[in-house]
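Colleague: Starting off with a structure, shown below.
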Amino acid sequence: LKFRLAGYPRKHNEGRVEVFYNDEWGTICDDDFTLANAQVLCRHLGFVTATGWAHSAKYGKGVGRIWLDNVNCAGGEKSIGDCKHRGWGNSDCSHEEDAGVICKDERIPGFKDSNVIEVRKLLARVGRWCHSRSRRAGCWQPCRGTAQPGLTGGATAKAAAGRTDDDTAAAGRTSGLLSPCRLFTERQQLNYRLHSVSCTGTEVHLSMCAFEFYHGNASAACSAGMPAVVSCMPGPLFSTGSAHKKKQRQQQQGQPRLRLKGGAKVGEGRVEVLKSSEWGTICDDRWNLLSASVVCRELGFGSAKEALTGARMGQGTGPIHLNEVQCLGTEKSLWSCPFKNITQEDCKHTEDAAVRCNIPYMGYETLIRLSGGRSRFEGRVEVAVGAGDGDQPRWGLVCGEGWGTLEAMVACRQLGLGFANHGLQETWYWDASNVTEMVLSGVKCAGHEMSLTHCQHHGTSLSCRNTGTRFAAGVICSETASDLLLHAPLVQETAYIEDRPLHMLYCAAEENCLSSSARLANWPYGHRRLLRFSSQIHNNGRADFRPKAGRHSWVWHECH
């Protein structure tokens with residue numbers, strides 16, 4: 001059985017359920033539909049669970065057969081075919097009763113998708129690698145779990161003796177920061193699994209290189225060789241003093257023509273390109289891991305671990321510049337890849353392409369934590385200082401003075417908790433920790449930093465007017481965020497001046513909608529000159545916009 005989500009308007013994790021049965025796509029009737037049915041279907045589609053379902057063709061009426069009716073699942077079934085139903089093709093419904101599902105936006109680890117590489121299963125399969133003496137004899141062995149394929153990337157590699165540069169480059173592009181490794185071959189019993197590993201150097205993952213398995217007695221294998229070792233160095237974005245180097249490089253290269261937007265973490269986001277002095281997006285037709293890896297490497301990261309379609313990182317604005325990008329993987333820039341120029345009819349922003357890149361493991365999340373919050377997404381910020389040279393870190397608070405949304409964005413990114421909802425300057429209500437000392441003050445971030453220590457701060461010269469725990473900085477993070485955008489052209493097109501009589505403006509005056517000089521006017525005679533316009537605000541983000549004030553506290557005015 002094959003399944004897909006269809007319909008409009010919808011997000012990538014919701015839609016009308018369509019099932020491919022007997023060589024024909026069809027729908028499911030909403031009669032007796034339950035959340036348990038939706039959970040089974042969402043797992044079919046690669047999502048961890050369902051958060052809801054929709055009836056009465058909410059996502060539009062389907063076409064073709066209505067394959068299932070009166071479906072009744074317990075929720076634990078492996079297939080929708082295992083649930084009770086009236087039989088395939090036996091239905092008394094019309095397409096006005098097509099069922100839909102809303103799945104949780106979290107993928108099942110290892111779910112097979114052509115645009116996602118799931119590396120955990122590969123690790124169990126591969127183990128240690130070896131190649132024969134005919135290709136510079138040497139065998140590869142992971143060192144304390146660091147040199148295994150599938151760890152995060154963004155590194156440039158140095159070839160160790162006994163391997164080709166291409167093999168090492170492929171490993172380095174995929175992997176991240178690797179610790180130096182000493183092999184005590186005389187003390188260990190080495191079990192080799194792979195040999196004759198042959199990479200071209202353009203692969204997005206080591207598993208895509210050619211290799212051969214050892215069969216039979218693995219401990220006796222590779223008798224003519226020895227374990228191969230890979231040594232990696234961080235790419236320019238992740239090396240020490242990277243901020244200064246990055247600034248120098250940008251000054252040398254001029255304005256970049258490629259960027260990622262809308263992602264909560266480093267190395268992920270909607271792909272945007274600069275063309276004719278205007279930023280625009282890429283349509284997801286034929287978007288795959290090879291093209292995504294070219295983007296990741298051009299931006300200084302490792303290869304791509306996901307090529308995302310369907311505006312998974314939010315919808316962009318402005319033009320859609322490119323379509324059907326088809327990279328070979330050897331290109332140094334996305335602009336070297338074949339692509340089609342777009343016409344307005346070809347694509348919509350609901351088809352914006354995005355990437356998730358491999359990045360090196362920097363350990364930044366071990367230097368920050370939250371305390372006192374109601375969930376792991378909120379709390380008072382505590383940072384570790386003096387953790388170098390094997391010393392035990394000393395945890396302390398961050399001064400809340402000047403702390404705002406930009407600083408909270410960096411803290412949430414460092415914690416791996418997504419976007420910042422709020423940056424809080426007072427956290428007396430989260431007083432649940434025994435950490436009371438302020439260790440960081442004057443924090444001022446631009447918003448793109450990977451760690452709070454990369455932001456400007458006072459260093460060891462602590463300067464905080466209110467040093468009590470009440471005034472420590474706090475954050476509330478969120479996995480997704482709304483992204484409100486004012487339709488500026490509409491404001492310009494509809495703006496006009498109106499002279500309005502005062503007797504028609506009593507309500508506006510009561511709500512302080514008029515300027516202060518209106519109080520001195522000779523009411524109800526005379527008039528006020530008003531600037532009037534229409535406004536339209538779009539939410540291009542990945543979460544609903546929820547104002548702080550609940551609906552119960554809204555005040556309605558007829559004159560508006």
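The values are calculated or read from the model by the stated rules, or taken from the named source; none is laboratory data. None of these values were measured; they are calculated from a predicted model. We place every Cβ from the backbone using ideal geometry, glycine too, and count neighbours over all the protein chains shown. The protein model used for the area step is the full one, side chains on, heavy atoms only, and it has no ligands, DNA or RNA in it. Shrake-Rupley method; radii C 1.70, N 1.55, O 1.52, S 1.80 Å.
Colleague: Based on the Cβ-Cβ distance from residue 426 to residue 2, what FRET efficiency comes out when R0 is 51 Å, to the nearest 0.05?
Modeller: According to the calculation, E is roughly 0.45.
Colleague: Between residue 488 and residue 22, what is the label-to-label distance in nm when each label sits 7 Å out along the Cα-to-Cβ direction?
Modeller: Result for the modelled spin labels: 5.6 nm.
Colleague: Long-range amide H contacts for residue 221: which residues qualify at under 5 Å (H placed 1.01 Å from N, peptide plane, sequence gap of 5 or more or a different chain)?
Modeller: Counting only residues 5 or more places away or on other chains, the set is 192.
Colleague: Enumerate the calculated ³J(HN,Hα) couplings along the stretch 449-459 in order (Karplus 6.51 cos²θ - 1.76 cosθ + 1.60, θ = phi - 60°), each rounded to whole Hz, writing x wherever the residue is Gly or Pro.
Modeller: 5, 8, 8, 4, 5, 7, 7, 5, 7, 6, x
Colleague: Can I ask one more? In the structure shown, do any of 11/275; 11/305; 275/444 have a Cα-Cα gap over 24 Å, and if so which?
Modeller: Pairs exceeding the cut-off: 11/275; 275/444.
Colleague: Based on the inverse mean of 1/r over its pairs of different Cα atoms, what is the Kirkwood hydrodynamic radius of the stretch 482-559, in Å?
Modeller: Here the Kirkwood hydrodynamic radius works out to 15.4 Å.
Colleague: Of the accessible area of the stretch 2-103, with the probe set at 1.4 angstrom, what percent is carbon plus sulfur?
Modeller: C and S fraction of accessible area: 46 percent.
Colleague: As an exercise, use a Förster radius of 60 Å and the Cβ-Cβ distance of residue 517 and residue 479 to find the FRET efficiency, rounded to the nearest 0.05.
Modeller: Once rounded, the FRET efficiency stands at 0.80.
Colleague: List the residues whose amide H sits under 5 Å from the amide H of residue 527, counting only those 5 or more places along or on another chain, with H placed 1.01 Å from N in the peptide plane.
Modeller: 502
Colleague: I would also like to ask the following. How large is ³J(HN,Hα) for each residue in the stretch 202-210, as worked out from phi by the Karplus curve 6.51 cos²θ - 1.76 cosθ + 1.60 (θ = phi - 60°), to whole Hz, x for Gly and Pro?
Modeller: 9, 5, 7, 7, 4, 5, 8, 7, 6
Colleague: Kindly report the accessible area of the stretch 264-406 per residue (heavy atoms of protein chains, probe 1.4 Å, no ligands, DNA or RNA), in Å².
Modeller: Value returned for the stretch 264-406: 43 Å² of accessible area per residue.
Colleague: Can you work out the FRET efficiency for the pair residue 530 and residue 274, with r the C-beta to C-beta distance and R0 = 41 Å, to the nearest 0.05?
Modeller: Here the calculated transfer efficiency is 0.55.
Colleague: Might you tell me the accessible area per residue for the stretch 9-58, computed with a 1.4 Å probe and given in Å²?
Modeller: Per residue, the stretch 9-58 has an accessible area of 41 Å².
Colleague: Could you go through the stretch 288-296 in sequence order and give the Karplus-derived ³J(HN,Hα) for each residue, using 6.51 cos²θ - 1.76 cosθ + 1.60 with θ = phi - 60°, rounded to whole Hz, and x for Gly and Pro?
Modeller: These are the phi-based 3J(HN,Hα) values: 9, 5, 5, 5, 5, 5, 4, 4, 4 Hz.
Colleague: Sticking with this one: Would you please give the residues with an amide H less than 5 Å from that of residue 441, counting only those at least 5 places away or on a separate chain, with H modeled from the backbone geometry?
Modeller: When sequence neighbours closer than 5 places are left aside, the close amide H contacts are 399, 458, 459, 463.
Colleague: Take residue 78 and residue 470, extend 7 Å from each Cα along the Cα→Cβ direction, and tell me the distance between the two endpoints in nm.
Modeller: 6.1
Colleague: Taking all protein chains as present, what is the carbon and sulfur share of the accessible area of the stretch 482-559, in % to the nearest whole number, probe 1.4 Å?
Modeller: Reported share for carbon and sulfur atoms: 52 percent.
Colleague: Here's another thing I want to ask about it. What spacing in nm lies between the two simple spin-label points modelled at residue 495 and residue 95, each 7 Å away from Cα in the Cβ direction?
Modeller: 4.6
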